[in-house]
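Values in this text are rule-based calculations from the coordinates and carry no lab data. What you see is a predicted model; the values in this text were computed from it and never measured.
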Amino acid sequence: MTDQPRRIRMHEADNVAIVANDGGLAAGTRFDDGLVLREKVPQGHKVALVDLPAGTAVRRYDVVIGRTLKDVPAGSWVHERLLAMPEAVGLDDLPVATRAAPALAPLTGYTFEGFRNADGSVGTRNLLAITQTVQCVAGVGRVAAERIRAELLPRYPNVDGVVALEHGYGCGVAIDAPEAVIPIRTLRHISLNPNFGGEVMLVSLGCEKLQPDRLMPPGIIPIVVEGQPDTPDVVTLQDERHIGFMSMVESVVRQAEPHLARLNARQRETVPASELVVGVQCGGSDAFSGVTANPAVGFCTDLLVRAGATVMFSETTEVRDAVEQLTARAATPAIAAAIRDEMAWYDAYLQRGQVDRSANTTPGNKKGGLSNIVEKAMGSIIKSGTAPISGVLKPGEKLAPGQRGLIYAATPASDFICGTLQLAAGMNLHVFTTGRGTPYGLAEVPVIKVGTRTELATRWHDLIDLNAGRVADGEASVEDMGWALFRLMLEVASGRQLTWAERWKLHNALVLFNPAPVT
């Protein structure tokens, strides 16, 4: 990699570019074309390529990301304090299913080793999940899970682990409010994630509003083996038979054994890559996210769709500013209408909270060169590739059997809420891009972390699984990194390679999206 000053311009119509050099560039730096920096510009931040008089539309990705609030001479640092953010795109008169689907040839012959489930889904891990109806039982569930790992798992070598599904819901909420359906179905569908093999254990306190039969109604659990009940195996802590804390723990541990035995009988088998259900997300984004990591994920998304797999992209709070690109890519007018409905819900949600969409960008995003949500949105949607959008899921909904292709799964952009909702949708593998860096992880599925910059991937060498910064360094193309990610996915899905988050057991808590009132 050269020490010469480098900048990256995303489109020939752009009048700004970002500085690519580690540490940024000093005032007086001269580029090969004669442009001279008038001030120090940090790495990832924008430099004006031409004079930008006050009121000029600033373009990146060939999209107006703002208008200058004063005259900005060529060579100046263009940051958020110099820009007025554009108004959000209206939701009326959007393009509807107008973009012709690209010619994506089928991709065949790729497989991984997975766990086939009774409902036809495939797991990438073989885990015992302990679902909880309410936050009050979390401590018991945590201790019981530790006991199961230490005392029982060594006897069941085909079981990859035990996951206590802790959350903050279940009581102290308006359980009958219309929007309470979102957290309830989210927890229900997470309990049925393909990585849990259809085995459902449930720990209840007893007096909570979210009762076991409301969370997991009869008949919702697929039958794995003959004689298995279609209702959850419930341990109720307030049951009079429990004398003291350890009695509760013992009940959970004892009832885990038949579930472990059934899970242990499962074996990995060769399945086509079409059985992957991949959730893609970005967090701790910077200006390189839309240059390196997210385009590589987008290329990989197209590979997965060509292979017949399912890819979910999300983050309504970010992609709202690119809604016209999404509705244009919808496979049908009905799908375009569903996308519009999710954006309208978000607009109303912000209005109720008396905030606007500028609240999305974080101090870290801005330090990494992203001036506002418009610029962030353009880098975010690149993860979705170029395939038509073939379906939309509301928060907490589950993929329908056989539903494949590119799916918009509506979630907030919060890392933890997005990951939780993608789990509920049926994700069996997660891809997470980051520019600023985050030790994010999920216990329920493998999380592959893709870094946007070589400096981050080097410094966080034992957290970042794939360095897409090589694109900005000129050492690899977006296509190279997309194929590298695709191959890594197959290795991770097969259990032949663990992600760094798995090795360190970095697991964030589930966060159930609850727009209903608390009581």
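Side notes on the structure shown:
- Karplus-derived HN-Hα couplings along region 24-35 (A = 6.51, B = -1.76, C = 1.60, θ = phi - 60°), whole Hz, x at Gly and Pro: x, 10, 7, 4, x, 4, 10, 7, 4, 8, x, 5
- Violating pairs (Cα-Cα greater than 20 angstrom) within the set 40/367; 40/376; 46/376; 40/383: 40/376; 40/383
- Whole-angstrom gap from region 360-409 to region 6-46, using each part's C-alpha centre: 28 Å
- Structure-based [θ]222 nm, the chain - -39500 (n - 2.57) summed over DSSP H runs of at least 4, per residue, nearest 500: -8000 deg cm²/dmol
- Computing Cα extents along the principal axes in Å directly from the structure and comparing it against (1) 68, 60, 41; (2) 80, 46, 44; (3) 73, 64, 55 singles out (2).
- Each part reduced to its alpha carbon centroid, region 160-198 and region 466-484 end up 37 Å apart.
- Relative contact order %, the chain, counting alpha carbon pairs below 8 Å whose residues are six or more apart: 18 percent
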